[in-house]
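Below is one structure, written out as structure tokens, with a few remarks after it.
Just so it is clear, none of the values below were taken in a lab; they were calculated from the coordinates. All values derive from a computational prediction rather than experimental measurement. Using ideal geometry, Cβ is built from the backbone for each residue, glycine included, and neighbour counts are taken over all protein chains shown.
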Amino acid sequence: MRVVSIKINNFRGVKYSSLLLPHHGVLIGDNNVGKTTVLEALDLVLGPDRLHRQPVIDEHDFFRGQYTLKPQREITADSPAEKTDGNRTEAVSNIETDEQVPQIEIEVIIAALNGEQKNKFGDYIEFWDSKTNQLYDKADPKGVDTPTISEVLRVTFIGSYDKDEDDFDGKTYFTRSLLEDDNPALFNKRHKQLCGFLYLRSLRTGSRALSLERGSLLDIILRLNEVRPQMWEATLNTLANLPVGSDPELGISPILESINAALKKYVPKEWGVEPHLRVSNLTREHLRKTITAFIATGDGDHAAPFYRQGTGTINMLVLAMLSQIAENKQNVIFAMEEPETAIPPYAQKRIVHEVRKLASQAIFTSHSPYVLEEFTIKETVVLSRDSEGLLTQQSIVLPENVKPKRYRQDFRIRFCEGLLARRVLIVEGATEASAFPAACRLLAELEPDTYSSLEALGVCVVDAGGETDIPGVAQLFKKLGKQTFALCDKQGETNKKLIEEHVEQLFMHDEKGFENMVLKGATEESLKAFCKQLCWPQHLTQRFPDPENNVCCALQEYFIWAKGCWGIADFLSQRSLDEIPEWIRNTAIELKNACAPASACHCVDPEPELTPKADGNEPH
């Protein structure tokens with residue numbers, strides 16, 4: 001069983017989205033792009049334990065918080081005026097319109113159904129063509145025998161605001177019944193349990209994994225094994241008889257007795273007397289929230305609550321419990337956020353492999369290169385969301401000059417960070433990759449109103465590895481919807497045009513070599529000051545016994561020798577504002593101006609008029 005498609009309307013930061021999900025995959029993209037929103041949407045449709053939350057949705061689950069129709073404006077002659085224009089006034093009116101009340105709609109298509117699921121959901125089974133990635137709805141019944149067509153179940157969550165009840169309502173339905181029946185059939189909790197969807201939140205799953213709260217991992221394991229703990233009555237009776245603070249020497253019981261005496265002066269005993277302390281509310285629900293497992297720590301006998309263990313230990317505990325669930329369920333979908341949290345790289349990889357083995361489908365979100373490199377290109381879903389709330393997915397398509405072998409080998413050092421960012425600055429070598437960000441950080445410290453660090457702009461620097469590789473790397477990120485820029489030495493006309501085809505803006509200086517540009521743009525005093533503090537390598541000491549007498553030549557040789565050791569970055573990061581080359585200062589301002597409009601779009605969303613497309617991804 002696996003989810004092949006999900007469509008989202010009006011949910012959190014997503015106005016509309018239509019996504020295809022791989023068998024196993026990872027959702028990636030910049031923060032607040034919509035990764036968690038997709039998993040939360042799946043949980044609303046398929047998660048049986050989400051129903052315990054009342055109401056199941058709230059104001060912030062609606063796109064931009066709009067869950068009612070906005071008041072309409074009309075021109076009247078005598079209404080209270082907001083704006084006056086001659087004898088006409090504009091007033092707010094709640095007149096009837098054809099506009100529909102905002103609803104959250106999430107449609108999920110589930111494929112690879114097992115025999116039990118097909119029997120249970122037989123009345124609502126539809127067919128899916130994996131070749132076209134669409135539902136098969138032709139009148140020809142023989143077409144379903146095609147190898148690419150399989151049985152699927154389509155279910156839809158609908159959430160809305162009930163004005164009469166002044167509350168929110170949300171239910172999941174069999175989609176086919178929504179379209180064909182006057183009284184659509186609910187896709188209820190038992191149906192969802194049969195589907196076996198588990199959403200593992202990095203911050204919440206571990207904190208209650210071994211508690212008995214409804215929906216905890218321990219609770220799920222008990223239910224799967226059909227274990228119903230018959231302990232509540234005995235535990236409640238024991239707690240009810242457990243004395244708390246009754247010893248007079250403690251000083252608590254005399255105070256309670258004096259309160260009781262004062263109380264009797266004013267009310268009859270039927271109203272309530274004899275206040276005393278108990279260790280619990282003495283309800284099953286309260287016990288579920290307070291009972292927790294203890295784990296021994298170290299070599300001694302001392303045990304502490306499981307949630308007081310190290311974060312990494314808790315995460316591995318969660319993995320062990322997941323294996324128990326998968327062994328019992330045999331057909332489960334795992335959606336897992338940030339498996340890398342507080343986990344060393346080797347354990348991150350183990351989690352990915354184990355969950356993939358255990359689950360019929362595993363969907364991750366991650367910012368870890370060690371997690372991402374465990375997924376193939378086809379299993380990596382790159383998400384992007386525009387200012388109007390349209391969430392889309394892109395597939396990674398390697399250009400001709402980026403071979404699959406190179407992509408895999410250089411993934412951590414060259415490609416991973418760019419895949420996770422909104423904006424990418426592609427540079428031609430290691431010198432630019434270290435020096436330009438260092439200069440921007442210093443400029444932002446010296447004059448924050450004019451300059452900004454690349455980190456603050458959300459710009460990731462990617463070393464293309466050479467000037468001829470810039471066009472291909474730029475093409476890769478541009479096709480993924482990234483805002484791309486390039487920074488390089490003076491180029492020949494042919495390569496310059498190739499670069500400009502795939503970047504929003506090219507920053508190119510007029511020198512052959514970043515070192516030459518820095519040396520020509522820096523003041524002689526700053527070069528000599530840097531010379532004095534250097535510990536010169538022996539071979540350069542022999543060539544330049546007194547480097548200050550030939551400072552430009554000496555430093556040029558030093559910068560070339562220190563290419564991989566942040567030589568120019570060290571020089572630039574120690575300069576005053578006027579000592580930083582003018583080209584770097586101007587480029588920093590141009591890059592900031594190019595990024596500023598896009599940054600504003602993500603901070604303040606304009607009111608969109610978005611028509612959902614037929615096909616096309618964090619809380620706002």
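Magnitude of the Cβ-charge dipole of the chain, K/R +1 and D/E -1, about the Cα centre, nearest 20 debye?
2020 debye
Which of the listed residues, Phe411, Ser573, Ala234, is farthest toward the dipole's positive end in the chain, when Lys, Arg count +1 and Asp, Glu count -1 at the beta-carbon?
Ala234
Cα extents of the range 399-603 along the three principal axes, largest first, in whole Å?
Projected onto the principal axes, the Cα atoms of the range 399-603 cover 52, 41, 32 Å.
Which of the lysines could a cross-linker span from Lys138 if the Cα-Cα distance has to be under 23 Å and same-chain partners fewer than 8 positions apart are dropped?
Lys7, Lys118, Lys613
Kindly provide the helix-only [θ] at 222 nm of the chain, computed as the sum of -39,500 (n - 2.57) over DSSP H runs of four or more divided by all residues, to the nearest 500 deg cm²/dmol?
My calculation for the chain gives -10500 deg cm²/dmol from helical runs alone.
Under a point-charge model restricted to the Cβ atoms of Lys and Arg (+1) and Asp and Glu (-1), what is the dipole moment magnitude of the range 399-603 relative to its Cα centre, in debye to the nearest 20?
For this selection, approximately 960 debye.
What net charge is computed for the residues neighbouring Lys512, neighbours being all others with C-beta under 11 Å from the C-beta of Lys512, Lys and Arg scored +1, Asp and Glu -1?
With Lys, Arg at +1 and Asp, Glu at -1, the net is -4.
With Cβ to Cβ distances under 11 Å as the rule, what net charge do the other residues near Lys563 carry (K, R +1; D, E -1)?
-2
Please compute the Cα-Cα pair-distance distribution of the range 481-588 with 10 Å bins starting at 0, giving whole percents from short to long.
13, 40, 29, 14, 4, 0
Taking the Cα centroid of the range 433-456 and of the range 541-571, what is the distance between the two, rounded to the nearest whole Å?
Centre-to-centre distance over Cα atoms comes out at 24 Å.
State to the nearest 20 debye the size of the charge dipole of the range 226-305 about its Cα centre, where the only charges are +1 on K and R beta carbons and -1 on D and E beta carbons.
440 debye
Among Lys265/Lys289; Lys496/Lys520; Lys378/Lys512; Lys378/Lys563; Lys70/Lys171; Lys403/Lys490, which pairs are too far apart, with a Cα-Cα distance over 30 Å?
Lys265/Lys289; Lys378/Lys512; Lys378/Lys563, as the Cα separations exceed 30 Å there.
Provide the percentage of antiparallel DSSP beta bridges, counting only those with both residues in the chain; round to the nearest 5.
60 percent
Using the Karplus curve 6.51 cos²θ - 1.76 cosθ + 1.60 with θ = phi - 60°, what ³J(HN,Hα) values do you get for each residue of the range 114-131, in whole Hz, with x for Gly and Pro?
Going residue by residue, I get 8, x, 4, 5, 5, 5, 6, 9, x, 5, 10, 5, 10, 10, 10, 9, 6, 6 Hz, with x marking Gly and Pro.
Divide, for the chain, the radius of gyration over alpha carbons by 2.2 N^0.38 Å, where N is the residue count.
1.25
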